[in-house]
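Visitor: Once you've had a glance at the structure underneath, I'll fire off some questions.
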Amino acid sequence: MMMLRYSVFWTNLTGALLLAIVCATPVMMSSVMDRGYEIAKLSLAEPLAFLALASILMAKGWRWGSQASLEARIASLCFLAFLFLASISTVVSEHPSVAFFGGYYRREGLLAWTAYAAFFLAVLGWAKGQALARIVTLLDFLLLASVVPCVYAFQQALRLDFFYVATIDLTRPNGTLGNPIFLGAYCAVLLPVTAVRCWQARRRLPE
């Protein structure tokens, strides 16, 4: 019984961390950092992603991946192979520190990609056994959080921006993503998911 409660605690903690990442990361900004959008988001997401991975390992151990579906294992192995090759590239690069942390104040180096992998693996472990229900919950929170950057982009387009960043181009609304291209990519991924979820929930008004 104690082991069961122990596992449930770490699984629930993993879920809370994953929901915090998908809800808070799209909203997070900082006006005191260079590239205050990207660095602020990574500063929040990276520690939470690694903690989420550690939590699911505490809940399910190191061997839960061997019990995953074939598709999940293939995706995980491909991601890990990419990280292995990226690690080699980082070690032999001309500027290893830039390759590891990232340059141009974006911090999109190997550390960021490792955090993405940690998030990916944590989601796989957390959803295992209750995949549909938990993934739907995660998607619903993700879609709910997407309202903030989209509404903020409309505010910027209407010249009602309340958040001052010295380097921002006021003629190009970017929401809370820091760049119109990033906002466009974010919406391009989420709009089809939104359409599917609305269709699935069309007979349930609260959902």
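Visitor: May I ask you to list the residues in segment 107-155 that are free of Cβ contacts under 8 Å to residues at least 24 places away in the same chain and either assigned to a loop (DSSP other than H, G, I, E, B) or among the charged types (D, E, K, R) (or both)?
Guide: Gly109, Gly129, Gln130
Visitor: Moving to a separate point now. Specify the residue that is farthest from Tyr37 (Cα to Cα); the eligible residues are those in segment 85-106 that are part of a loop (DSSP other than H, G, I, E, B) and not charged (D, E, K, R).
Guide: Out of the qualifying residues, it is Ser93.
Visitor: Being at pLDDT below 85, outside any loop (DSSP other than H, G, I, E, B) and touching a Phe, Trp or Tyr at 6+ places or on another chain (Cβ under 8 Å), is that true of even one residue in segment 25-38?
Guide: Yes, because at least one residue in segment 25-38 is at pLDDT below 85, outside any loop (DSSP other than H, G, I, E, B) and touching a Phe, Trp or Tyr at 6+ places or on another chain (Cβ under 8 Å).
Visitor: Exactly one of (1) of a type outside the set (Gly, Ala, Ser); (2) outside any helix (DSSP H, G or I); (3) modelled with pLDDT of 80 or more; (4) open to solvent by 50 Å² or more (accessible area, probe 1.4 Å) is unmet by Leu177. Its number?
Guide: (4)
Visitor: Pairs, please: C-beta under 9 Å, at least 6 apart or cross-chain, first residue touching a residue at least 12 places away in the same chain (Cβ under 8 Å) and in segment 68-88, second part of a helix (DSSP H, G or I) and among the β-branched types (Val, Ile, Thr)?
Guide: Filtered contacts from segment 68-88: Leu83/Thr114; Ala86/Thr114; Ser87/Thr114.
The values are calculated or read from the model by the stated rules, or taken from the named source; none is laboratory data. Because the structure is predicted, anything quoted here is derived from the model rather than measured. A quick note on method: Cβ atoms are made from the backbone with ideal geometry, for glycine too, and the neighbour counts reach across all protein chains shown. Ligands, DNA and RNA are stripped out before the accessible areas are found, and what is left, the full protein with its side chains, is counted by its heavy atoms. Shrake-Rupley method; radii C 1.70, N 1.55, O 1.52, S 1.80 Å.
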